[in-house]
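> Sharing a structure with you now.
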Amino acid sequence: MGLKNELLRGVDLFSALDDTQLDVMAAMVIEKSFRKGEIILHEDDDSSQSLFIIAKGEVKVVLTAEDGREAILASLKEGEFFGEMSLLDGEPRSATVRAVEDSRLLTIRREEFLNVMRKQPDLSLTLLGEMSRRLRKSNRQISSLALMRVYGRVAATLLQLMEERGIRTKTKDGKSIIIVKDKPTQQFIADMSGTTRETVSRVLNFFQKKGYIVLDGKDLLILHEEELKT
C-alpha cells in the first residue's frame, strides 16, 4: 500500500473503503505544501472547490469580523479534513483556513470526488455523517457564544479541546482525568471563546483554584469534567 493510501486509510471518511477503492481515491490526490501562517482558503472564495486532507501539520478554521478580529471555529490536525461543504454544493468557502505550522495537505478536486461518490454510496453516507457531527459542534459553539457568560464560554472551549485532543487516563489513586497535550495559547482560547486573553488568564486561574483543571507545563489536565459542564 502506497503512502497516499496509508494517509487516506487514517481518515475517518475513507476508513471503510477497501484497497481497490483506496487506489481509486489515491490516484486523484494532489499534494500541496503551506508554510506557517499561510492562508489555504479564503472566506467567500469561489475559485477552489476541493477537499483538503491534512497529511502533516495543523490548520485553524476562522471567521473574520468587520473590525478584523478572528473567531476560531476549529483547530484541525493530521488525519482530519476540511472543505467538504463547497465540495458538495459548489458554493463559495464559508470560512478562512490558515496553516498554524508548516503543513502538507492532500487535495481532491470536486468533479473527481463527486464521480466516486456516485459509485460509492457508502462514502456519501459517511461524509454526510461527518458533516452532521461538525454542524452539531458548530451549533453548540454558536449557542455558547450567544448565551453563556464568559466563564461558561471558556469552559465550553476547554471541553471542546478535550473532545478534540483529550486523552483519558487515571491517576495512581484511580481518579479519572483528561490530558490535553500541547495546550493552545491563551490567545487561541480567547479567540475560540469570543473574549480577551486577559479574561482567559483570569478564568483559567479561577478554574485552577477551584481544582477543576491543572496547567502542567505544555499540558492541560482536566480533573473535574462535570464541573466545567455546569
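The values are calculated or read from the model by the stated rules, or taken from the named source; none is laboratory data. What you see is a predicted model, and the numbers here were worked out from it, not measured in a lab. FYI the Cβ positions are ideal-geometry reconstructions off the backbone, even for glycines, and counts take in every protein chain you see. Quick note on the areas: whole protein, heavy atoms, side chains included, nothing else; ligands and nucleic acids left out. Shrake-Rupley method; radii C 1.70, N 1.55, O 1.52, S 1.80 Å.
> Using the structure shown, list the pairs from Lys183/Lys229; Lys119/Lys183; Lys4/Lys181; Lys60/Lys172; Lys170/Lys209 with a Cα-Cα distance above 31 Å, or answer none. Don't skip to the answer; put the middle values down first.
Values: Lys183/Lys229 19 Å; Lys119/Lys183 41 Å; Lys4/Lys181 27 Å; Lys60/Lys172 35 Å; Lys170/Lys209 21 Å.
Beyond 31 Å: Lys119/Lys183; Lys60/Lys172.
> Another question, then. Tell me, which longest segment in the chain has none of the trypsin sites (Lys or Arg not before Pro) that fall in DSSP loops with at most 12 further Cβ atoms within 10 Å?
Numbers: sites that count: Arg35, Lys36, Arg69, Arg149, Lys172, Lys175, Lys181, Lys218.
Within the chain, the longest run free of exposed trypsin sites (Lys or Arg not before Pro) spans 70-148.
> Counting helices only, and only those DSSP H runs with n ≥ 4, report the 222 nm mean residue ellipticity of the chain as the sum of -39,500 (n - 2.57) divided by its residues, in deg cm²/dmol to the nearest 500. Intermediate values should be presented prior to the final figure.
On the way: 9 runs with 103 residues, N = 230.
Computed ellipticity for the chain at 222 nm equals -13500 deg cm²/dmol.
> Regarding the chain, what is the average projected area of its C-alpha convex hull, in nm²?
Working: hull surface 57.0 nm².
The number I arrive at for the chain is 14.3 nm².
> Take Glu101 and Lys77, extend 7 Å from each Cα along the Cα→Cβ direction, and tell me the distance between the two endpoints in nm.
Modelled inter-label distance: 0.9 nm.
> Now for a separate question. Of all accessible surface on the chain at a 1.4 Å probe, what whole percent is carbon and sulfur? Don't skip to the answer; put the middle values down first.
Values: 6390 of 12760 Å².
After summing per-atom areas, the C and S share lands at 50 percent.
> So which aspartates and glutamates can Lys56 reach, going by Cα to Cα under 19 Å and dropping same-chain residues fewer than 8 places off?
Glu6, Asp12, Glu31, Glu38, Glu78, Glu80, Glu84, Glu101, Asp102, Glu164, Asp182
> How much FRET efficiency would the formula 1/(1 + (r/R0)^6) give for Glu227 and Glu163, where r is the Cβ-Cβ distance and R0 is 22 Å, rounded to 0.05?
0.85
> Expressed in nm to one decimal, what extension gain is obtained for the pair Leu63 and Asp12 from 0.36 nm per residue of sequence separation less their Cα-Cα distance? Provide the component values of the computation, followed by the final result.
Working: separation 51, 0.36 × 51 = 18.36 nm, distance 2.53 nm.
Difference between extended and current length: 15.8 nm.
> For the chain, what does the accessible surface come to per residue with a 1.4 Å probe? Please give it in Å².
On the way: 12760 Å² over 230 residues.
For the chain, the solvent-accessible area averages 55 Å² per residue.
> Under a Cβ-only charge scheme (Lys and Arg +1, Asp and Glu -1), can you give me the dipole magnitude of the chain about the Cα centre, in debye to the nearest 20?
Charge dipole, the chain, about its Cα centre: 1000 debye, nearest 20.
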